[in-house]
Amino acid sequence: MTSSTAPGTADISRAAAPPVLAEVVRSGFVEGHHRGSLVVLAADGSVELAIGDPAAPVFPRSSNKPMQAAAVLRAGLDLSGERLALAAASHSGEAFHIELVRRMLAEHGLDEADLRTPPDLPLDPAEAETYLAQGHVRDRVTMNCSGKHAAMLAACALNGWDREGYLEPEHPLQRLVHTVVEETSGERVAAVGTDGCGAPLMAISLTGLARAFRHFVLAAPGSPERRVADAMRAHPEYVAGTRRPDTWLMREVPGALSKMGAEAVQAVALADGRALAFKIEDGAGRALGPVLARALTRMGVEAQVVDRIGHMPLLGGGAPVGGVLAAF
């Protein structure tokens with residue numbers, strides 16, 4: 001059968017599917033695949049490994065948060081330590097996260113009503129169960145991006161910028177974020193969307209994302225980018241939570257900077273400037289750990305935490321019967 005295109009319409013061909021990065025193996029049977037693209041940069045910044053199409057733009061989602069945190073520093077906000085780590089966080093909603101968000105708001109004459117995060121439950125399932133058992137409901141401050149939003153609002157308060165519209169793409173703070181993303185990634189933003197938290201979201205390639213993380217770990221001490229990297233690495237539990245792979249990796253691999261993003265995005269830079277970034281096309285978070293562990297192993301990272309991150313079992317009747325396994 002031949003196909004034809006109606007007059008005046010474009011002939012759009014389906015792009016080739018990206019390669020398989022992980023297999024879903026149950027009882028010795030491959031029941032599914034997770035496809036995606038991945039890039040690894042050598043210490044000198046050159047591309048050492050490319051799988052799929054890492055030059056194509058993606059929305060890095062929360063993997064952009066270090067760039068957003070650097071922007072609030074460039075805006076003059078003086079954050080450090082746990083506060084700066086929380087500004088770059090997708091926090092789990094543990095008590096210490098929520099308490100610090102509230103303190104950050106109060107320190108700048110703000111309160112929870114100023115947040116424009118959508119009401120949500122804690123990101124960590126165990127924390128969400130405890131939170132609900134205590135009779136709480138979805139709230140803006142428990143949403144995982146509330147630390148970032150508290151920092152953005154504080155920067156607006158400091159500079160006398162509009163707080164109601166702090167999430168508008170043309171707001172002075174968001175224009176500054178746009179600049180930081182382009183400068184650190186070394187490429188132009190390909191598209192601007194809206195993230196789950198309501199903040200503007202800048203699309204760059206996976207190669208650009210890896211390049212940005214490399215920039216952060218190699219930046220001059222005292223620069224906004226290096227301050228963010230140092231705070232995240234010193235206080236990883238504030239970047240993620242006590243039961244999260246980003247925390248484990250930054251705690252157990254000296255000098256590593258790690259940040260996941262929604263829709264199965266991950267970026268990591270090592271102290272010597274090597275870096276990686278990948279995205280699972282179908283957004284399956286269960287593939288993140290196995291793919292990250294395999295990439296780190298191929299980069300020569302030897303640490304028990306790599307095996308821990310890569311362990312993603314499948315259960316049958318409550319017992320392990322298989323797992324999600326890297327396939328590259």
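Can you tell me which residue within the stretch 317-328, out of those that are out of contact with any Ser or Thr (no Cβ under 7 Å at 6 or more places or on another chain) and farther than 20 Å from VAL20 by Cβ, is surrounded by the most Cβ atoms within 10 Å (Cβ to Cβ)?
So the residue we want is PRO320.
With respect to GLY285, determine if the residue is at positive phi and surrounded by fewer than 17 Cβ atoms within 10 Å (Cβ to Cβ). Considered against the rule, which asks whether it is at positive phi and surrounded by fewer than 17 Cβ atoms within 10 Å (Cβ to Cβ), GLY285 comes out as no. Residue check: is GLY241 at pLDDT 95 or above, in contact with a His (Cβ under 9 Å, 6 or more places away or on another chain) and assigned to a loop (DSSP other than H, G, I, E, B)? It is true that GLY241 is at pLDDT 95 or above, in contact with a His (Cβ under 9 Å, 6 or more places away or on another chain) and assigned to a loop (DSSP other than H, G, I, E, B). The residues of the stretch 175-193 that are in contact with a strand residue (DSSP E or B) (Cβ under 9 Å, 6 or more places away or on another chain), in a helix (DSSP H, G or I) and within 16 Å of GLY45 (Cα to Cα) amount to a single one, SER185. Residues considered: VAL268, VAL321. Of these, the only one that is more than 23 Å from HIS91 (Cβ to Cβ) and not in a loop (DSSP other than H, G, I, E, B) is VAL321. Is it the case that the stretch 145-160 has a residue that's surrounded by 14 or more Cβ atoms within 10 Å (Cβ to Cβ), more than 16 Å from VAL72 (Cβ to Cβ) and in contact (Cβ under 8 Å) with a residue 12 or more places away in the chain? No, that holds for no residue.
Candidates in the stretch 205-231 are the residues that are in contact with a strand residue (DSSP E or B) (Cβ under 6 Å, 6 or more places away or on another chain) and of a type in the set (A, V, I, L, M); of these, the one that is surrounded by the most Cβ atoms within 10 Å (Cβ to Cβ) is LEU209.
The values are calculated or read from the model by the stated rules, or taken from the named source; none is laboratory data. Quick caveat: nothing in here was measured; it's all calculated off a predicted structure. Using ideal geometry, Cβ is built from the backbone for each residue, glycine included, and neighbour counts are taken over all protein chains shown.
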